[in-house]
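Below is one structure; the comments refer to it alone.
Read-outs throughout are calculated quantities, based only on the coordinates presented, and are distinct from any laboratory measurement. Every value quoted in this text rests on a predicted model; they were computed, and no experiment measured them. All Cβ positions, even for glycine, are placed from backbone atoms using ideal geometry, and neighbour counts span all protein chains on display.
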Amino acid sequence: MKRWHVGVSVLIVVAVVILSAAVLASYIDSLNAIKHDTERWAVIEDVNADRMAVEPTSNHVWSELVNLNQNGTKMLVGGVVERYNNKWGFRFKPDTVKVAQFTAEGLQATMEYISTHIDDWLNGWAYVSSKVIEVHS
């Protein structure tokens, strides 16, 4: 009977370790998605609940992002796509970040789509339908 208890205890410990590793990996992945280089940045979330940091250099764009965060409105957030060392492999070039109500439909995508087809988007404009879920300054 004691061997049975030891076996069950080992299985429980192994399950807890595996679950903990999965939770930690997910947390690290989410941090990599919102990687940023500046002290002023916002987290946008697209229609798939994917997240990314944007770091606008424009005070006007920053104000728009803060307002979107406060009122929960979705808008198109984007800029020129450049390679970047985050989960997605790209970011919107900080000095090109814009907020728009309308854009050409061909410029709209999700973070995952841009990431999957990065070579098609590099150095071109892209926008993601987003809500701003965090602002940091």
With 10 angstrom as the radius, rank H60, H36, H136 by how many other C-beta atoms surround their C-beta, starting from the fewest.
H60, H136, H36
Paramagnetic reach from N59 (point 7 Å along Cα→Cβ, amide N under 20 Å) across the stretch 109-137:
135-137
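Quote the FRET efficiency, to the nearest 0.05, computed for T73 versus A100 with a Förster distance R0 of 22 Å and r equal to the Cβ-Cβ distance. Intermediate values should be presented prior to the final figure.
On the way: r = 12 Å, r/R0 = 0.57.
Once the sixth-power term is evaluated, E becomes 0.95.
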Output ³J(HN,Hα) for the stretch 112-119: one whole-Hz value per residue in order, computed from phi by the Karplus curve 6.51 cos²θ - 1.76 cosθ + 1.60 with θ = phi - 60°, and x for Gly and Pro.
4, 5, 4, 4, 5, 10, 3, 4
Hey, what do the phi angles of the stretch 38-51 turn into as Karplus ³J(HN,Hα) couplings, whole Hz, using 6.51/-1.76/1.60 and θ = phi - 60°, x for Gly and Pro?
10, 7, 10, 8, 10, 9, 9, 10, 8, 5, 8, 6, 7, 10
Taking the stretch 34-136, the equivalent ellipsoid from its C-alpha gyration tensor has semi-axes in Å, biggest first, of 19, 15, 13
Excluding residues on the same chain fewer than 8 positions from K74, give the lysines whose Cα lies under 21 Å from its Cα.
K93, K98, K131
Two pseudo-spin positions, 7 Å from Cα along C-beta at E134 and at D37, lie apart in nanometres by 2.0 nm
What are the ³J(HN,Hα) values, in whole Hz, obtained from phi via the Karplus relation 6.51 cos²θ - 1.76 cosθ + 1.60 with θ = phi - 60°, for each residue of the stretch 55-63 in sequence order, with x given for Gly and Pro?
10, x, 8, 7, 5, 5, 5, 4, 4
